[in-house]
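The values are calculated or read from the model by the stated rules, or taken from the named source; none is laboratory data. Predicted model only: the values in this text are computed from it and were never measured. Cβ: placed from backbone, ideal geometry, glycine included. Neighbour counts: every protein chain shown. Side chains included, ligands, DNA and RNA excluded: accessible areas come from the protein's heavy atoms. Shrake-Rupley method; radii C 1.70, N 1.55, O 1.52, S 1.80 Å.
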Amino acid sequence: MTPRITWEPEPFFARAHVDERGILSIRLEIAVENEGITPFVLTGLSMNIPGLRLLPAEETEEIEVDAGGREWLTRQIAITDCAAVPHEPRPVSFTYSTWMGSGSAEAMWGPWWISNTAGGVPVAWQRALAIDACSKAVSGEWF
C-alpha cells in the first residue's frame, strides 16, 4: 500500500550557487504532505535525470510525516550539464516505510511557470530549475 503523498519542490526557496571547485548546484526545499490516514517515514529520495545529480543528504534523509501532516526536506542538486536536462517531465523516486512495511514509488512533480511577455508558460520542473541556475551562472550574477 503506497502512502498518499503529495509533494512539490518549492521554487521560491531554491538557492543556486557555484562552489569553490566551480560546481553549479541548487538547494531545493521540498514540501512533503501526507494525504493519507497512516503516518509514514520517507526513507530515501533519488532520481535518474540527465544533466542533474542528487547530492547525498547533509543529514539523515528520514523524515516522519503524520497523517494529514506536512514536513520539509532540503536537498542539493548538482547541475552537471545544463543542455542535457530533459524538456519532458521526469519522475522522482522515493522509498518509505509504514507500520505495514516498506516500499518504493515514483512521483511526477508538477511544472514550474517561466515568465514571458504572454504571462508565463509551464515548463517541466527539472528544466525550469536548470534554466534558472544555468542562466544565473553565465550572467555573472554571482561574481
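What's the angle, to the nearest 10 degrees (0 to 90), between helix 125-139's Cα axis and the longest principal axis of the chain?
30
How far apart, in nanometres, would the label points at Val121 and His87 be if each is projected 7 angstrom from Cα along the Cα-to-Cβ direction?
Computed distance between label sites Val121 and His87 equals 0.8 nm.
Between Val138 and Asn48, what FRET efficiency follows from the Cβ-Cβ distance if R0 is 25 Å, with the result rounded to 0.05?
0.45
Taking all protein chains together and a probe of 1.4 Å, list Ile37, Ile131, Ile77 from the most accessible to the least accessible.
Descending order: Ile37, Ile131, Ile77.
Quote the charge dipole size of the chain about the Cα centre in Debye, to the nearest 20; the model charges only the Cβ of Lys and Arg (+1) and of Asp and Glu (-1).
So the magnitude is around 420 debye.
With only Lys, Arg, Asp and Glu charged, each at its Cβ (+1 for the first two, -1 for the last two), find how big the charge dipole of region 57-129 is about the Cα centre; round to the nearest 20 debye.
420
Once Lys and Arg get +1 and Asp and Glu get -1 on their Cβ, which of Leu73, Phe40, Trp99 lies farthest toward the positive end of the dipole of region 17-120?
Positive-end residue among those listed: Leu73.
Given a 1.4 Å probe and heavy atoms of the protein chains only, how would you sort Glu29, Glu35, largest accessible area at the top?
Sorted descending by solvent-accessible area, the residues read Glu35, Glu29.
With a Förster radius of 35 Å, plug the Cβ-Cβ distance of Thr95 and Arg15 into 1/(1 + (r/R0)^6) and report the FRET value to the nearest 0.05.
0.85
State, to one decimal in nm, how far the label point of Thr60 lies from the label point of Glu35, with both points 7 Å from Cα in the Cβ direction.
According to this spin-label approximation, the distance is 2.9 nm.
Which order do Glu106, Glu88 take by accessible area at a 1.4 Å probe, largest first?
The residues order as Glu106, Glu88, largest area first.
Add -39500 (n - 2.57) for each DSSP H run of 4 or more in the chain, then divide by its residues: what number comes out at 222 nm, to the nearest 500 deg cm²/dmol?
My calculation for the chain gives -3500 deg cm²/dmol from helical runs alone.
What residues from region 39-64 fall in the zone where the backbone N is under 13 Å from a label point 7 Å along the Cα-to-C-beta line of Ser104?
43-48
Please say if the chain is rounded, prolate or oblate, where rounded means a/c under 1.5 for a ≥ b ≥ c the square roots of the C-alpha gyration tensor eigenvalues, and otherwise the choice is prolate for a/b larger than b/c and oblate otherwise?
It comes out prolate by the Cα gyration axes.
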